[in-house]
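Novice: Mind having a look at this structure? Questions to follow.
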Amino acid sequence: MTRRLLAAALGAVAAVIFQVAVIYSQRPFPLLIVTVISVAVGASFLLAGLAAWHRWPASRLGLLFTVTGYAWVVPSLAHLPYALPFTVGNLIASVYAASLAHLALAWPTGRLRSRFECGVVIAVYAWNTLQSLVSMLFWNPATSGCGPGCPANLLLASDSPAVERVFDQISVPVGLSLSAIVLTLIFRHWWRARGWSRRAMVALVWISVAVIALSVAQTVASNLNLADSSLLLYGIAPVILLTGPALFVVSTLLARTARGALGTAIVDLQPGAPPEMLRDALARALGDSTLQLAFRVPGSAGYLDTAGQSVDPGQLGPGRALTALPAVSDALLVHDQALQQEPQLVRLTASAASMALEHARLQAEVRAQLEQVRASRARIVEAGDAERRRLERDLHDGAQQRLVTLSLALGMAREQAAGADPALQSLLDSAGQEAREALVELRELARGIHPAVLTETGLAGALQALAERSTVATTIAEVPGRRYPAAVEATAYFVVSEALANVAKHALTDAAVVAIRELPGRLLVAVTDDGAGGARPDGGSGLRGLADRVASVGGVLTIDSPPGAGTRLAAEIPCP
Amino acid sequence: MSVTAPSAPLRVVIAEDAVLLREGLRRLLTEAGLEVAGTAADAVQLLTLVAAGQPDVVLADVRMPPTQTTEGLQAAVEIRRRWPHTAVVVLSQHVETEHLFELLADDPRGVGYVLKERVADVRQFTAAIARVAAGESVIDPEVVARLVARQRRDNPLAALTGRELAVLALMAEGRSNQAIAAQLYLSPKTVETHVGNMFAKLCLEPAVEDHRRVLAVLTYLRR
């Protein structure tokens, strides 16, 4: 490959040197600008050929550029003052036009699209050759255009300007028709192309218009024998041909721009953006609006793209190509086939897509895990609550009930022992007293485990009980009368109970206001005091535990406690 | 309110789901000279018994099957509504004002709300049953004490004398002036004076009837 490239490069250099040498072999020297343009056109095609060969090794574009380059350079032979090179040079002077048409029709993949187009290209080459051959048969340079210093035309069969003129009259419409066909086909390619191909076609369309305009102008001018236009048309106008190699530069830049845009698009993409947004970003960056990002339908062999279109990897539409994503086995990219010419760009797109998808997947995984942890935390808290309720009920139905029965029996025994042994009576009295005290202690213990009044009557009754027992004067400003899920009620109760305990301990005030308000979808619990303030959420384990407790049901605890201006502890608890 | 002749024993229905306690209560009440007309283990049985026998008094545990929350209380409220001649005493392991006010509704006559452990003092307990049967109210001292002791900002109760506070608490327990006088070793006249002063200090409308007084005082205390 490298050796071939080297050889081609040497060939190109040799061709350019040859052209310069040949042009300067004639007397008088031609105008410098004409020489420069002529050399520049040839050299640029040869250079573009080398570069295209290097960039798209699998494509014929490099070959076509190179052929066009040589087709432009070799006819310089006509400048040599010898009959043979003069004849050959003039004979092949316009082959480049045919290979330009070939190049344009094969753009951007290097392949002709149909048999018809192959036919058109063959016709163009054939007509080109025929035209040159016929004009050489009837053109005597000594009498027309070139003057007596010119070498002889070896092909001259009949020195008849009349025949030449007749042929020219036929050739103009044929040449124009062929040009029109080529131009129409190019426009048709552009019109039909979508996505990346269309992008690659845009520059070609403009360039074709310019080149065809030049060719038509040259044909018309030469047939009308506009001698004074020749310098402009044959010397300077060919600068337009430089647009051919420019096409190569443009396509290179397109690929480079797309690579850059791709990086930016991925960076700009919101983390966890849905796949359709990823597709849009990639399509925009690539300039391939037809890009599809398809995912395997779970449990089947089929794929669906982000727009919901089904994609069959085995049967893609014409001009479509498929690229698998590295590291993401269940997704693929389907794109314009022309994009395959830029394997690096495709690779980059695929890895960008898989990176983004992998990122999204990891994010979804983390989110799912977080959701699991949240759910399990809620379950743990709920299980704890349930366990406390059960313990309280066990105490109520068990020990408390038995102690009451025992007290009853002791009371009856005391009645029966009335008037009997005073020692027995006092023993029974103290036993009754013990049982009573045990009952009081047990009642407080049960309340500490779980306030039965909360389960029995709901928040309103439970808050009332809290307020009655609190050591700070507690006003219940607002509390909904309805019942809520046990976890919600327990959390709200816990918040108020802890907040009142904190007021009693730290706030240096004797009053607090409790308000529970139902807002759409949530319960707002607020305990406000006018005390010392300065409470910090991370200050004591009480507030931290409270925040955890509220978070366990998906709620948020906020503490507003500026020093010296009271404390407002508020919990927002989601509830259906 | 009971039309039963003084000589006839009070007819009582007991609703309590714990068997030992239920049987203990039956024995206690029988030995105290009351007639146990039936026992129930849940609210449905209780309502059936009351509908059939229309007893003088019902003793009902707050918590009973199936939900173990406030079936007994609900049944008591229903009994007071449907059978005004049947008085109810609701027993509970813990006393709460929320229960109390649900039970009292607008009419505290013939209603009692006491801690279960009050059964230990046989005489006081049977006396409470008799009072309720006679149309009085019996409110457990525990819940009254809590209401009186409740922290209040600018507490109006601070203006009362110790004696007045004691009278207030006994009033809230459902006692009549005579009973308060007897308990505090005061003359009924003195009690009346205390009551008048106290109502004035608390800006309460003086109420003559005992049951209105109970409701007014409890409502005031609960604010």
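Novice: Arrange A:CYS150, B:CYS203 by Cβ neighbour counts within 10 Å, fewest through most, would you?
Specialist: B:CYS203, A:CYS150
Novice: Please average, across the residues of A:89-100, the number of beta carbons from any other chain that are within 10 Å of each residue's own beta carbon, and give a whole number. Write down the numbers at each step before the final one.
Specialist: Details: counts 0, 0, 0, 0, 0, 0, 0, 0, 0, 0, 0, 0.
Partner-chain Cβ atoms within 10 Å, mean over residues of A:89-100: 0.
Novice: In a shell of Cβ-Cβ distance under 13 Å around A:LEU204, excluding A:LEU204 itself, what net charge do Lys and Arg (+1) and Asp and Glu (-1) give? List each step's numbers first, then the result.
Specialist: On the way: positive: A:ARG188, A:ARG198, A:ARG199; negative: none.
So the environment of A:LEU204 carries a net charge of +3.
Novice: Now for a separate question. Set Lys and Arg Cβ to +1 and Asp and Glu Cβ to -1, take the dipole of chain B about its Cα centre, and tell me which of B:PRO66, B:VAL111, B:VAL144 lies farthest positive.
Specialist: B:VAL144
Novice: Rounded to whole Å and ordered largest first, report the semi-axes of the equivalent ellipsoid of the protein assembly as shown derived from its Cα gyration tensor (root of 5λ).
Specialist: For the protein assembly as shown, the semi-axes come out at 115, 25, 21 Å.
Novice: Taking a quarter of the surface of the Cα convex hull of segment A:215-335, what do you get in nm²?
Specialist: On the way: hull surface 46.7 nm².
Spelled out: convex hull of the Cα atoms, projected over all directions, averaged, 11.7 nm².
Novice: Would you work out the relative contact order for segment A:257-384, in percent, from Cα pairs under 8 angstrom that are 6 or more residues apart?
Specialist: Working: 153 pairs, mean separation 29.9, N = 128.
That works out to 23 percent.
Novice: What residues have an amide H closer than 5 Å to that of B:VAL89, excluding those fewer than 5 places away on the same chain, when H is modeled at 1.01 Å from N in the peptide plane?
Specialist: Residues meeting the amide H criterion: B:VAL58, B:LEU59, B:ALA60, B:GLY112.
Novice: Let me know the shape class of segment A:407-472, please: from the alpha-carbon gyration tensor, a ≥ b ≥ c as square roots of the eigenvalues, rounded when a/c is under 1.5, otherwise prolate if a/b is greater than b/c, or oblate. Could you put the intermediate results ahead of the total?
Specialist: Working: a/c = 3.89, a/b = 3.20, b/c = 1.21.
Prolate is the answer for segment A:407-472, as a/c is 1.5 or above and a/b outweighs b/c.
Novice: On a 0 to 90° scale, report how tilted helix A:486-506 is relative to the longest principal axis of chain A, with both axes built from alpha carbons and the result rounded to the nearest 10.
Specialist: Computed tilt is about 70 degrees.
Novice: Now for a different question. Show me A:282-290, A:100-108, A:550-558, A:7-15 ranked by packing, highest mean number of other Cβ atoms within 10 Å first.
Specialist: Values: A:282-290: 21.3, A:100-108: 24.4, A:550-558: 18.7, A:7-15: 15.1.
So the peptides A:282-290, A:100-108, A:550-558, A:7-15, ranked by packing, come out A:100-108, A:282-290, A:550-558, A:7-15.
Novice: Find which of A:VAL527, A:ALA547, A:THR567 sits farthest along the positive direction of the dipole of segment A:519-576, computed with +1 on the beta-carbon of Lys and Arg, -1 on that of Asp and Glu, about the Cα centre.
Specialist: A:ALA547
Novice: Would you kindly derive the ³J(HN,Hα) couplings of segment B:74-88 from the backbone phi angles with the Karplus curve 6.51 cos²θ - 1.76 cosθ + 1.60 (θ = phi - 60°), listing them in order in whole Hz, with x for Gly and Pro?
Specialist: Values per residue, Gly and Pro as x: 4, 5, 4, 4, 5, 4, 4, 6, 8, 10, x, 8, 9, 7, 10 Hz.
Novice: Express in whole angstrom the spacing between the alpha-carbon centres of segment A:505-576 and segment A:311-338.
Specialist: Each part reduced to its Cα centre gives a spacing of 57 Å.
Novice: Let me ask something else about it. How far is helix A:115-137 tilted off the main Cα axis of chain A, in degrees rounded to 10, range 0 to 90?
Specialist: Its long axis makes an angle of about 20 degrees.
Novice: What average number of partner chain Cβ atoms lie no more than 10 Å from the Cβ of the residues making up B:88-95? Please list the in-between numbers first.
Specialist: On the way: counts 0, 0, 0, 1, 3, 13, 11, 3.
The shielding value for this peptide is 4.
Novice: Another question, if that's okay. Report the antiparallel proportion of the DSSP beta bridges in the protein assembly as shown as a percent, rounded to a multiple of 5. Before the final figure, lay out each step's value.
Specialist: Details: 35 of 62 bridges.
Once the DSSP bridges in the protein assembly as shown are tallied, antiparallel ones form about 55 percent.
Novice: Then there's this: Can you list residues whose amide H is under 5 Å from A:THR306's amide H, if they're 5+ apart or on another chain and H is modeled 1.01 Å from N?
Specialist: Under 5 Å from the amide H of A:THR306: A:LEU293.
Novice: Hey, what do the phi angles of segment B:108-115 turn into as Karplus ³J(HN,Hα) couplings, whole Hz, using 6.51/-1.76/1.60 and θ = phi - 60°, x for Gly and Pro?
Specialist: Once θ is set to phi - 60°, the couplings for segment B:108-115 become x, 5, x, 10, x, 9, 9, 5 Hz.
Novice: Now for a different question. Return the lysines within reach of B:LYS189: Cα separation strictly under 19 angstrom, same-chain partners fewer than 8 residues apart disregarded; answer none if there are no such residues.
Specialist: Straight-distance partners of B:LYS189: B:LYS201.
Novice: Have a look at A:LEU439, A:ALA477, A:ALA467 and report the one farthest towards the positive end of the charge dipole of segment A:431-482, computed about the Cα centre with Cβ charges (Lys/Arg +1, Asp/Glu -1).
Specialist: A:ALA477
Novice: Any idea what angle helix A:61-73 forms with the longest principal axis of chain A, computed on alpha-carbon atoms, 0 to 90 degrees, nearest 10?
Specialist: Helix A:61-73 and the main axis of chain A meet at about 30 degrees.
Novice: A follow-up question, please. Using only alpha carbons, build the gyration tensor for segment A:327-474 and give me the equivalent ellipsoid semi-axes, biggest first, whole Å. Please list the in-between numbers first.
Specialist: Numbers: eigenvalues 1113, 51, 20 Å².
Values for segment A:327-474, descending: 75, 16, 10 Å.
Novice: Also: With the Cα gyration tensor of segment B:1-143 giving a ≥ b ≥ c as the square roots of its eigenvalues, does the rule (a/c under 1.5 for rounded; else a/b larger than b/c for prolate; else oblate) give rounded, prolate or oblate?
Specialist: Working: a/c = 1.19, a/b = 1.13, b/c = 1.05.
Verdict is rounded for segment B:1-143.
Novice: Please give, to one decimal in nm, the separation of the simple spin-label points placed at A:ALA301 and B:ALA51, each 7 Å out from Cα toward the Cβ.
Specialist: Placing both labels 7 Å beyond Cα along the Cβ direction yields 7.2 nm.
Novice: Rounding to the nearest 20 debye, state how big the charge dipole of segment A:222-374 is about its Cα centre with +1 on each Lys and Arg Cβ and -1 on each Asp and Glu Cβ. Mind dumping the intermediate values first?
Specialist: Values: 10 positive and 13 negative charges, 49 e Å.
The dipole of segment A:222-374 has a size of about 240 debye.
Novice: So, one more: Can you give the relative contact order of segment A:465-576 as a percent, counting alpha carbon pairs under 8 Å and 6+ residues apart? Working shown, then result.
Specialist: Working: 226 pairs, mean separation 30.7, N = 112.
Relative CO of segment A:465-576 lands at 27 percent.
Novice: OK, next. Within a 10 angstrom radius of the beta carbon, how do B:ARG81, A:ARG469 rank from fewest other beta carbons to most? The partial results should precede the final answer.
Specialist: Working: B:ARG81 10, A:ARG469 15.
Result, fewest neighbours first: B:ARG81, A:ARG469.
Novice: What 222 nm value per residue comes from the helices of the protein assembly as shown, counting each DSSP H run with n ≥ 4 as -39,500 (n - 2.57) and dividing by all residues, nearest 500 deg cm²/dmol? Mind dumping the intermediate values first?
Specialist: On the way: 27 runs with 461 residues, N = 799.
So the helix-based figure for the protein assembly as shown works out to -19500 deg cm²/dmol.
Novice: Next question, about the same structure. Considering Cα pairs under 8 angstrom that are at least six residues apart, work out the relative contact order of chain A and quote it in whole percent.
Specialist: Details: 792 pairs, mean separation 42.4, N = 576.
Computed over chain A, the figure is 7 percent.
Novice: If you place +1 on the Cβ of every Lys and Arg and -1 on the Cβ of every Asp and Glu, how big does the dipole about the Cα centre of the protein assembly as shown come out, in debye to the nearest 20? Numbers along the way, then the final one.
Specialist: Details: 70 positive and 70 negative charges, 663 e Å.
Here the protein assembly as shown has a charge dipole of around 3180 debye.
Novice: Where the only charges are on Cβ atoms (+1 Lys, Arg; -1 Asp, Glu), what is the dipole of segment B:69-223 about its Cα centre, to the nearest 20 debye? Walk me through the intermediate numbers first.
Specialist: Working: 20 positive and 19 negative charges, 56 e Å.
That gives a dipole near 280 debye.
Novice: Oh, and also: In whole Hz, with x marking every Gly and Pro, tabulate ³J(HN,Hα) for segment A:402-418 from phi via Karplus 6.51 cos²θ - 1.76 cosθ + 1.60, θ = phi - 60°.
Specialist: 5, 5, 5, 4, 4, 4, 4, 5, 5, x, 5, 4, 4, 4, 5, 7, 4
Novice: Looking at the P(r) of segment A:488-535, how many percent of alpha-carbon pairs lie beyond 15 Å? Provide the component values of the computation, followed by the final result.
Specialist: On the way: 503 of 1128 pairs.
Of all Cα-Cα pairs in segment A:488-535, 45 percent lie more than 15 Å apart.
Coordinate-derived values only; no laboratory data. These figures come from a predicted structure and were not determined experimentally. Every residue, glycine among them, receives a Cβ derived from its backbone with ideal geometry; neighbour counts consider all protein chains shown.
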